[in-house]
Amino acid sequence: MKKTILYLSVIALPAFFSCARQVTRINPTEASDISGRWNSNDSRLVSEEMTETVLKATWLTNHVQAKGQKPTVIVGFVNNKTHEHIDAETFVKDVEQSFVKTERVRLVQGGKKREELRAERADQQTNASQSTMKKFGLENGADYILQGSINSIVDAHKRRKGVYYKINLELTNLETNEVVWIGEKEIAKMVKN
């Protein structure tokens, strides 16, 4: 019995190690498309291209000429309407980062982060010294809001699958509700299993 267990252990041990997972670190900006699904490279490329396009559009020049200063933008919701789970916040962060890098617009916080900032300001009213407490009512109001959606279509037959993504973004003047820019980006992938 002991010989049988020893023999099985000797045979099973190399088989166990040959099935072990191997992890290799890669550069985060290196394209890695393993599954054909939406990935970090798609998010980064789309955000960079869309940000470049929105900042070259005439609305920006018109605003600077009319107001004499760069506009303040807030990035709103980007809805995931795809067939898969996409954390739209990573895409939103990529867009916000592109805005900040260009320094052509001013970016203000929105959503839950703005709520957290307001809660901190409220806490300071009670717990901070008069000289260091930040006052209410001094936030920069946004001139424009950027909103959008990520959509997808999947076409599959046997071992082939085509995945099509369409990203739509709209920039709206908050005072007038005028849509001043609409952009879209398409990504198509063919996956063969």
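Here are the numbers for the structure shown:
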read-out: Evaluation of residue 176 against (1) among the polar types (S, T, N, Q); (2) within 20 Å of the chain's Cα centre (by Cα); (3) outside any helix (DSSP H, G or I) (one fails), failing number; value: (2)
read-out: Residue satisfying condition, being surrounded by 19 or more Cβ atoms within 10 Å (Cβ to Cβ), touching a strand residue (DSSP E or B) at 6+ places or on another chain (Cβ under 8 Å) and either free of Cβ contacts under 8 Å to residues at least 60 places away in the same chain or of a type outside the set (A, V, I, L, M, F, W, C) (or both), within set 96, 84; value: 96
read-out: Cβ pairs under 6 Å, 6+ apart, first in region 147-162 and under 21 Å from residue 192 (Cα atoms) and surrounded by fewer than 16 Cβ atoms within 10 Å (Cβ to Cβ), second modelled with pLDDT of 90 or more and not aliphatic (A, V, I, L, M); value: 153/164
read-out: Count of residues meeting criterion [under 19 Å from residue 85 (Cβ atoms) and at pLDDT below 90] in region 166-193; value: 3
read-out: Residue count for region 163-185, restricted to those that are free of Cβ contacts under 8 Å to residues at least 24 places away in the same chain and in contact with a Lys or Arg (Cβ under 7 Å, 6 or more places away or on another chain); value: 1
read-out: Of all residues in region 128-165 being hydrophobic (A, V, I, L, M, F, W, C), out of contact with any helix residue (DSSP H, G or I) (no Cβ under 8 Å at 6 or more places or on another chain) and part of a strand (DSSP E or B), the one that is farthest from residue 83 (Cα to Cα); value: 145
read-out: Hits in region 38-90 - residues which are outside any helix (DSSP H, G or I), at pLDDT below 90, over 21 Å from residue 110 (Cα atoms) and not acidic (Asp, Glu); value: 38, 39, 82, 83, 85
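The values are calculated or read from the model by the stated rules, or taken from the named source; none is laboratory data. Since we're looking at a predicted model, the values are computed, not measured. Here the Cβ is made from the backbone with ideal geometry for all residues, glycine too, and neighbour counts use every protein chain on show.
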